[in-house]
Amino acid sequence: MTVVRISDDAAALACGANAVAAAFAAAGCDVERVSSWGMHWLEPLVDIDGQGFGPLEPGDVEAVLAGTSPKAIGRIAEHPFIARQQRFTFARAGKTRPLSLDDYAATGGWAGLKRARELGPEATIAEVTHSGLRGRGGAGFPAGIKWTTVAKAAGPVKYIVCNADEGDSATFADRMVMEGDPFMLIEGMAIAGHAVGAGKGYIYVRSEYPHAIAKLNTAIALAVPHIAPFEVEVRVGAGAYVCGEETSLLNSLEGKRGEVRAKPPLPALEGLFGKPTVVNNVLTLAAVPWILANGGQAYAEVGFGRSRGTMPIQLAGNVKHGGLFEIGFGVTLGELVFDIGGGTATGRPVRAVQVGGPLGAYHPPADFHLPFDYEAFSSADGLIGHAGLTVFDETADMSAQARFAMSFCAAESCGKCTPCRIGSTRGVELIDRIRARAGRAADKVEALPQMHNARKAPRTLAEDVTLLEDLCETMKFGSLCALGGFTPYPVLSALKHWPEDFGVAVPDQDAAE
Amino acid sequence: MTDHDELDAILAAHAGREGALLPILHDVQGAFGHVSETSVRRIAQALNLTRAEVHGVVSFYHDFREEPENRPVLKLCRAESCQARGVEALAAALPDNPRVKVETVYCLGLCSVGPAAMIGHEVHGRLDVARLGALVESLA
């Protein structure tokens, strides 16, 4: 009987994979549901003996089985999008059934945990430190150093917390790990627990990922004999973007409002329930089994500058070939957008690429020489974040995007610190005025004669723009966490690179900054 | 089983669990469709919290509602990636249907196949005006 492999990743389901699977089953095929290859523009993608067909609809089944389908893409593993990647974290993507312990063990599963147990905690941490692995959630903090801090912290109770609150637009790598290779994440957490002496791990998953939650719960129950005495539990978020910030995530896990905590104390010393806690992103923990199985050195040999190893980059938005592309750091932004992503899906010229989600800067094509590297992006007033790229074509209105960044911050602010809570709302108002080219006259109170220090003359557009820059400065340096602190990135980058969208005629922004 | 018993059963199921409030609220909303004033009172008592503390948590998170929503809900993603793929035009073209609640969410993780929407646990990608309209119609 023909074995037909179809992904049950949410991206494939959203494109109708279940209907295609049912059609193959009805045609007498043996349908296996596997993880996604990450070529989302081809979903639902079908794999028959290594040959790919996509994107399929139920009506295509007959032609595929007859060998006459025009949607054949040849051998999937040799597809240029796949062949060009260096897949460490996503080595199993498209190849294994997510909840099959046999598939997992047959593809090198549990080897990392086994080696960690042989090495002992200290040598395990040394291996992670040596690999150069940095936190994949966005901050890029070296994982080995965080683990060392927790390992050395006193106390019998410690926790591993996996941050799976992947709220950034353009990111879905965490979701793909949880839905496609949940055992790898569980193994990574068990290794972390072994290394720092923690007995319990929590995975905090956002409620928008019901498929990931279901897969994780099943996988955890199956994995118990492999990870015992370490325990893992899934906790479900409740729609608060800010809970992706580690301290607010910890508050949420404790059953409180997801408000940010001031640091110090570091979560590594006083984290969940006041106990030493490792908080790592899904991709960080998912990289650990590979590092332990293959050695930190092998991981460190790939990469660029101080960014070692591979990064699962997510191509999204208006891009022809959207999906997951894992490669060593150092690939340039232009290569990602054009060579790999194929340019825009609409075929219009690229206007902007937002890197790193709602808090990441908008980059113009002039930045396309930038290598994918934490330091290179930060020196270009941007950030890698969780490595999601949103491509916009020339129809994008960048002042509208800047306004959205502020309104998103206003909607999602936890309210703890003033620059973020108030600044975001004032930012929306200010950008609205700039967009309307309205200027601002003195209001009733300001016009009162006793308000000696209040300004009576109307504010001009240029003054409003300066005020916006000033507000961004305050938010950037005055906010407690990255939500308020990084919202200025999309706003200021839009203002800097596309001043015409704000009605600013001659750009002399470099001098102003 | 009365609502009161069902609430007590939920509370009993989570007894002794660390940081139990969010899981309890999810279960309560799952069972009753919303977190009522009566539920808040009972939960606060069971967890030895003040009603204000529980209310603070319920009102903080977008997922929890304090009033029942009897219409079917379609969650439409309007974050940047779906914007780049044209969701704002879809939202503008969507006719008002009083029998369906269309909610905005920021990101369903389907950023490469947007515009995307979710109904219950069912996900839909590559939406255009016609497909989104048909989805809303199918719920009404």
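A few remarks follow.
- Shielding of A:234-242 by partner chains, average beta-carbon count, 10 Å: 5
- Set of lysines near residue A:456 by C-alpha distance (under 23 Å), chain-local residues within fewer than 8 positions excluded: A:444
- Sorted fewest first by neighbouring Cβ atoms within 10 angstrom, A:467, A:336, A:495 come out as A:467, A:336, A:495.
- Sequence of A:432, A:49, B:27 once ranked by neighbouring C-beta atoms within 10 Å, starting from the fewest: A:49, A:432, B:27
- Inter-part distance where the range A:336-373 and the range A:377-398 are each reduced to a Cα centre, Å: 6 Å
- The range B:93-109 - phi-based ³J(HN,Hα) in whole Hz, Karplus 6.51/-1.76/1.60, Gly and Pro as x: 8, 6, x, 5, 10, x, 8, 10, 9, 9, 9, 8, 10, 9, 5, 10, x
- Qualifying lysines (Cα of each under 20 Å from Cα of residue B:101; at least 8 residues distant if same chain): B:75
- GluC sites (Glu not before Pro) within the range A:334-430: DSSP coil, no more than 16 neighbouring Cβ in 10 Å: A:394
- Estimated FRET transfer efficiency when R0 is 25 angstrom, pair residue A:233-residue B:99 (beta carbons, to 0.05): 0.05
- Antiparallel beta bridges, as assigned by DSSP with both residues in the range A:3-83, represent about 60 percent of the total such bridges.
- In whole percents, the pair-distance distribution calculated for the protein assembly as shown from its alpha-carbon pairs, binned every 10 Å from zero, is 3, 15, 25, 27, 19, 8, 2, 0, 0.
- Summed over qualifying helices (DSSP H, 4 residues or more, each -39500 (n - 2.57)) and divided by its residue number, chain B shows a 222 nm mean residue ellipticity of -14000 deg cm²/dmol.
- Among the trypsin sites (Lys or Arg not before Pro) in the range B:74-140, those located in a DSSP loop and surrounded by at most 11 other Cβ atoms within 10 Å of their own Cβ are B:99.
- Dividing the C-alpha radius of gyration of the range A:234-393 by 2.2 N^0.38 Å, with N its residue count, gives 1.18.
- Between the amide H of residue A:351 and those of A:392, A:393, A:394, distances stay under 5 Å, these residues lying 5 or more places away or on another chain, with hydrogens modeled in the peptide plane.
- Look at where the Cα atoms of the range A:54-71 and of the range B:33-82 average out, and the two centres are 46 Å apart.
- All aspartates and glutamates inside 16 Å of residue A:200 as judged from Cα atoms, apart from same-chain residues fewer than 8 positions distant: A:187, A:231, A:233, A:254, A:270, B:18
- The range B:27-124: GluC sites (Glu not before Pro) in DSSP loop, at most 15 other beta carbons within 10 Å: B:66, B:69
- Where only C-alpha atoms are counted, convex hull volume of the range A:399-512 per residue in Å³: 114 Å³
- The C-alpha atoms of chain A define a longest principal axis, and helix A:121-131 lies at about 70 degrees to it.
- Across the range B:113-122, coupling constants 3J(HN,Hα) worked out from phi with the 6.51/-1.76/1.60 Karplus curve, θ = phi - 60°, read 10, x, x, 10, 9, 9, 10, x, 9, 8 Hz, and Gly and Pro carry x.
- A simple rule links phi to the HN-Hα coupling: the Karplus curve 6.51 cos²θ - 1.76 cosθ + 1.60 with θ = phi - 60°, which for the range A:241-250 gives 4, 5, 5, x, 6, 4, 6, 6, 4, 5 Hz, with x for Gly and Pro.
- In this structure, the amide hydrogen of residue A:361, modeled 1.01 Å from its nitrogen in the peptide plane, lies closer than 5 angstrom to those of A:355, A:383, counting only residues at least 5 positions away or on a different chain.
- DSSP bridge analysis restricted to the range A:1-153 gives an antiparallel fraction near 65%, rounded to the nearest 5.
- Out-of-range pairs (alpha-carbon distance over 23 Å; input A:114/A:158; A:71/A:95; A:158/A:263; A:256/A:416; A:146/A:476; A:152/A:275): A:146/A:476
Quick note: the coordinates plus some simple rules give every number you see, no bench work behind them. Because the structure is a prediction, the values reported are computed rather than measured. Cβ atoms come from the backbone with ideal geometry, glycine included; neighbour counts cover every protein chain shown.
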